[in-house]
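The values are calculated or read from the model by the stated rules, or taken from the named source; none is laboratory data. None of these values were measured; they are calculated from a predicted model. Glycine gets a Cβ as well: all are built from the backbone with ideal geometry, and neighbour counts include every protein chain shown. Side chains included, ligands, DNA and RNA excluded: accessible areas come from the protein's heavy atoms. Shrake-Rupley method; radii C 1.70, N 1.55, O 1.52, S 1.80 Å.
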Amino acid sequence: MNRYTAKTVAEAVNQACVEKNVSEEELTYFVVEEKAGGLFGLGAKAVIEAYCQKDIEDFIVNYLKKYFDNITMNCQIVLETNKDGYLVKLDADNNAILIGKAGQTLQSITNVVKSAASAQFKKHINLLVDVNGYKEERYQKLKDMVGKIAKTVQKTKVSARLGQMTNDERRVIHQYLSTFPHIRTESEGEGNDRRLKIIYDSNK
């Protein structure tokens, strides 16, 4: 995030827009300091911190580049934006290491980058890191498995509690099951113990 200093907030915002080549609507800024001037505006000062979407994208990519440089691993990084936030696609010399057992290393990378970006820009930034399509394959396998469980709940009307999933996996499954008649989902527990529960609902 960059700082801009001028006599007024409006002037500082304009500086940021010109430098980043964006409109004011595309800019997010925080007023760090604002001091009214004396006679004829002498001594007036305004300081803002500002960023745009490209700054977020550059931060994410550069953060990952530095990470892979530090561990001396060659890795291709592609960043995309979608309705949920940012999708980072990685393809490294050894993708299995990046994925880890049951995707745990990949989830850790996602959490670290998400936390760093959110702290840098002082807001929640939703992003997902994927390695060579691992997540899409994982989502499909989960859908196949959970779909069968949901059909059993439809027949027996007995609720089922699913195993451990990451936040993004729970979101995908929740959206997937929302299309099933007489089926709704609820989250139970906190933190790493959070689970999805499939419930029969005659009114749905």
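Remind me, what semi-axes does the chain give for its equivalent ellipsoid, largest first in whole Å, using sqrt of 5 times each Cα gyration tensor eigenvalue?
Listed largest to smallest, the semi-axes of the chain are 44, 23, 13 Å.
Could you name the aspartates and glutamates in cross-link range of Lys65, using Cα to Cα under 13 Å and dropping any fewer than eight places away on the same chain?
The qualifying aspartates and glutamates are Glu57, Asp91.
Taking Cα pairs under 8 Å and at least six residues apart, what relative contact order does the range 118-204 come out at, in percent?
Once divided by the residue count of the range 118-204, the mean separation gives 28 percent.
Which trypsin sites (Lys or Arg not before Pro) in the range 44-98 pass both tests, a DSSP loop state and at most 10 other beta-carbon atoms within 10 Å?
Lys83
Given a cut-off of 18 Å, what percent of all Cα-Cα pairs of the range 1-71 lie beyond it?
Of all Cα-Cα distances in the range 1-71, 48 percent exceed 18 Å.
Pairs of Cα atoms under 8 Å, at least six residues apart: use those to get the relative contact order of the chain, whole percent.
In percent, rounded to a whole number, it is 13.
For the range 30-178, give me the percentage of DSSP beta bridges that are antiparallel, rounded to the nearest 5 percent.
Antiparallel: roughly 70 percent of the beta bridges in the range 30-178.
Nearest 20 debye, what's the magnitude of the dipole of the range 119-204 about its Cα centre given +1 on Lys and Arg Cβ and -1 on Asp and Glu Cβ?
For the range 119-204, the charge dipole is close to 260 debye.
Considering the dipole of the range 59-129 built from charges on the beta carbon (Lys and Arg +1, Asp and Glu -1) around the Cα centre, which of Leu87, Gln104, Ala116 is farthest to its positive end?
Ala116
Could you give the accessible area per residue of the chain, probe 1.4 Å, as a whole number in Å²?
Counting only protein heavy atoms, the per-residue value for the chain is 60 Å².
Given Ala16, Ile60, Ala44, which one lies farthest toward the positive end of the charge dipole of the range 10-62, if we put +1 on the Cβ of every Lys and Arg and -1 on the Cβ of every Asp and Glu?
Working it through, the farthest residue towards the positive pole turns out to be Ala44.
Quick one: dipole size for the chain, taken about the Cα centre, charges +1 on Lys/Arg Cβ and -1 on Asp/Glu Cβ, in debye to the nearest 20.
The calculation lands at about 1080 debye.
Report Met73's accessible area, 1.4 Å probe, all protein chains in place, as a number in Å² to the nearest 10.
For Met73, the solvent-accessible surface is approximately 40 Å².
At q = 0.10, 0.12, 0.18 Å⁻¹, what log₁₀ I(q)/I(0) does a Debye calculation on the Cα points of the range 1-119 give, no solvent, two decimals?
The calculated log intensity ratios at q = 0.10, 0.12, 0.18 Å⁻¹ are -0.46, -0.59, -0.94.
As a test of the formula, what do you get for the chain when each DSSP H run with n ≥ 4 contributes -39,500 (n - 2.57) and the sum is divided by the residue count, at 222 nm and rounded to the nearest 500 deg cm²/dmol?
Using -39500 (n - 2.57) per qualifying helix, the result is -14000 deg cm²/dmol.
According to the Kirkwood expression over distinct Cα-Cα pairs, how big is the hydrodynamic radius of the range 165-204, in Å?
Evaluated over the range 165-204, this radius sits at 10.5 Å.
List the aspartates and glutamates whose Cα sits under 14 Å from the Cα of Lys197, skipping any in the same chain fewer than 8 residues away.
Glu169, Glu186, Glu188
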